[in-house]
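Data first, discussion second: the structure below is written as structure tokens.
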Amino acid sequence: MGSLEVRGLTRAPWWRDLDLALKEGEIAVLRGPSGSGKTLLLRALADLDPVDAGEVSLDGRAREATAPPMWRRAVRYAQQGAPCLPGTVEENVAAVATLLNVSPTPAPGLDPRADAGRLSGGEAQRLALHRALLGAPKVLLLDEVTAALDRDAAAEAEARVQAFAREGGSVLWVSHDVALAQRLGAREVSL
Amino acid sequence: MIATVPLALTDLGLAALLVLANAAVDLVLRLGLGRRLLLAAVRAAVQLALLGWVLGLVFETEGPGAVLLVTLVMATVAGVEAVRRGSRRVPGIFAASIGVMLVSSFAVTSYGLLVVLDIPEPWYTPQYAVPLLGMVLGNALNGISLGLDAALEGFDEDRARVELLLAHGATRREAAAPVLRRAARRGMIPILNAMIAVGVISVPGMMTGQLLAGADPETAARYQLFILFAIAGGVALGTIGVVLAAERLVFDERDRLRVDRIRRLES
């Protein structure tokens, strides 16, 4: 599970004829200057933005052959800025768990009754990562999900992502943290 | 029934003196509205004269052709106006708005004529069909423009939340539901408020017209209630219709929210 293949992906003027393969259990860190289309690539892989050309497949199955909600459950995108739904932390987790048809699990390190709209940047990112891991996705597309975390919290988040990869999931992680790939023993991909 | 007091053109000239009060305020306070005031008064006079003339022609015709033509013209103008009032547009919205306007006003008016009034003449008799349609359209316009604007604004400004739901496996409808609910509420609240205020705070225009034209108050009140319910039905159908149309237009075939299709107008 979790082998993502990208062939000839083009979205002018950002990237053209992009090939990329993520193997099961692999973590890749996506790097590139601001404005090079890193977020756009993650969004395109999650099928939230259209592309001009190219193919994307998961475990050998073409994206077009999969209904959009099923694709996005499997190829999970955690947005930059970690937006939250209205309500408490607990309600945020419950809303997503209901969509995914799984039981909600408490988000580690967060007060379940806290108002999600009043979380700090770091807390919102913890909630976002927790939501993204619900319901066993196959691929995680992470967009700067630890940028606002302190060192300990970032280490904990990285450990969660590594545990996900050990179980066969693959990860494409956009980050400005130059040491991230090294810490995770991950491949670096440049745009 | 009390006889209708005929209103001669000279009487209307006397009524026009009332507009002079506006002109006086304009002069004293230097509002600079003189030209606009003149234009508005002349426009109202010309438009109503035209309406009276056209209705006169329509009332003389037999067969549904004339009424259908009037319906088409009125719904088109209302559909365009509903979009023009908003602050955002999306390709295809004019056609959708006109279509929703047509279907909702036609459905409500036919129900009113065929089921409620059950008039002995054919359902398309212009004397009944045109005024009812006009009242429903004029009010549906309000709900439709408010609902449409709220829907496009919601998709545009709440994009992150809509996409958060999409990214976690929501269908298009599940992801759009919060925006759609808010927009439908915004479209329907004015008519709910009007129903609460009617008769206590205001004597509605239609009832006023009927009373002045000699109808007895109880009949006038019954007709007013019928019109109010018809309007509420038209607003509900129209608002829901246009909000769902907006949803269809801002999502693509892979259920992607395409905010790039939404164009903001300079306010």
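In this structure, the amide hydrogen of A:Val171, modeled 1.01 Å from its nitrogen in the peptide plane, lies closer than 5 angstrom to those of A:Glu26, A:Ile27, A:Ala28, A:Leu140, counting only residues at least 5 positions away or on a different chain.
Between B:Arg30 and B:Val5, the FRET efficiency from the beta-carbon distance, with R0 = 60 Å, is close to 0.95.
Peptide A:77-88: average number of partner chain Cβ atoms within 10 Å per residue?
Working: counts 5, 3, 5, 1, 1, 2, 7, 3, 5, 2, 0, 0.
The shielding value for this peptide is 3.
Loop-located GluC sites (Glu not before Pro) across the stretch B:49-87 with a Cβ neighbour count of 11 or fewer within 10 Å are B:Glu62, with loop assigned by DSSP.
Round to the nearest 10 and give me the degree value, 0 to 90, for the angle of helix B:65-84's Cα axis relative to the longest principal axis of chain B. That helix lies at roughly 50 degrees to the long axis. Under 13 Å from a label point 7 Å along Cα→Cβ of B:Thr61: give me every residue in the stretch B:123-141 with its amide N that close. Answer for this model: B:124-127, B:130. Hydrodynamic analysis of chain A uses the Kirkwood radius over alpha carbon pairs. Inserted into Stokes-Einstein at 37 °C and 0.692 mPa s, it gives a translational diffusion coefficient of 195 µm²/s.
Quote to one decimal, in nm, the extra length available between B:Ala15 and B:Leu212 on full extension: 0.36 nm per residue of separation minus the C-alpha distance between them. Display every interim value, and only then the final one.
On the way: separation 197, 0.36 × 197 = 70.92 nm, distance 1.49 nm.
Using 0.36 nm per residue and subtracting the Cα-Cα distance, I get 69.4 nm.
What average number of partner chain Cβ atoms lie no more than 10 Å from the Cβ of the residues making up A:68-75?
Rounded to a whole number, the mean comes out at 5.
With neighbours defined as other Cβ atoms within 10 Å of a residue's Cβ, the residues B:Ile98, B:Ile201 order from fewest to most as B:Ile201, B:Ile98.
For chain B, report the translational diffusion coefficient in µm²/s to the nearest whole number, using Stokes-Einstein at 25 °C, 0.890 mPa s, and a Kirkwood Rh over Cα pairs. Here the translational diffusion coefficient equals 117 µm²/s.
Give the calculated FRET efficiency between B:Val103 and B:Arg181 to the nearest 0.05, with a Förster radius of 30 Å applied to their Cβ-Cβ distance.
Values: r = 22 Å, r/R0 = 0.72.
That pair, B:Val103 with B:Arg181, gives E of 0.90.
The label point for A:Ser120 and the one for A:Glu167, both projected 7 Å from the Cα toward the Cβ, are 2.8 nm apart.
Bridge orientation summary for chain A: considering DSSP beta bridges with both residues in this region, about 45 percent are antiparallel. Loop-located trypsin sites (Lys or Arg not before Pro) in the stretch B:37-96 (DSSP state other than H, G, I, E, B) with a sparse environment of at most 16 neighbouring Cβ atoms within 10 Å: B:Arg85. Here the protein assembly as shown carries DSSP beta bridges of which approximately 45% are antiparallel, counting only pairs with both residues inside.
For Cα pairs less than 8 Å apart in space and 6+ apart in sequence, what is the mean separation divided by the residue count of chain B, i.e. the relative contact order in percent? Working shown, then result.
Working: 287 pairs, mean separation 71.5, N = 267.
Relative contact order here is 27 percent.
Counting other Cβ atoms within 10 Å, which trypsin sites (Lys or Arg not before Pro) in the stretch A:84-191 have at most 13 and lie in a DSSP loop?
Numbers: sites: A:Arg113, A:Arg118, A:Arg126, A:Arg131, A:Lys138, A:Arg151, A:Arg160, A:Arg166, A:Arg183, A:Arg187; in loops: A:Arg113, A:Lys138.
Filter output for the stretch A:84-191: A:Arg113.
With a 10 Å cut-off around each Cβ of B:156-166, the average count of Cβ atoms from other chains is 4. Taken one residue at a time, the phi angles of the stretch A:17-29 give Karplus couplings (6.51, -1.76, 1.60, θ = phi - 60°) of 6, 7, 10, 7, 10, 10, 7, 3, x, 9, 10, 10, 9 Hz. Gly and Pro are set to x.
The numbers here are math on the coordinates, done by the rules we state, and not lab data. Predicted model only: the values in this text are computed from it and were never measured. Please note: Cβ atoms are built from the backbone with ideal geometry, for glycine as well, and neighbour counts cover all protein chains shown.
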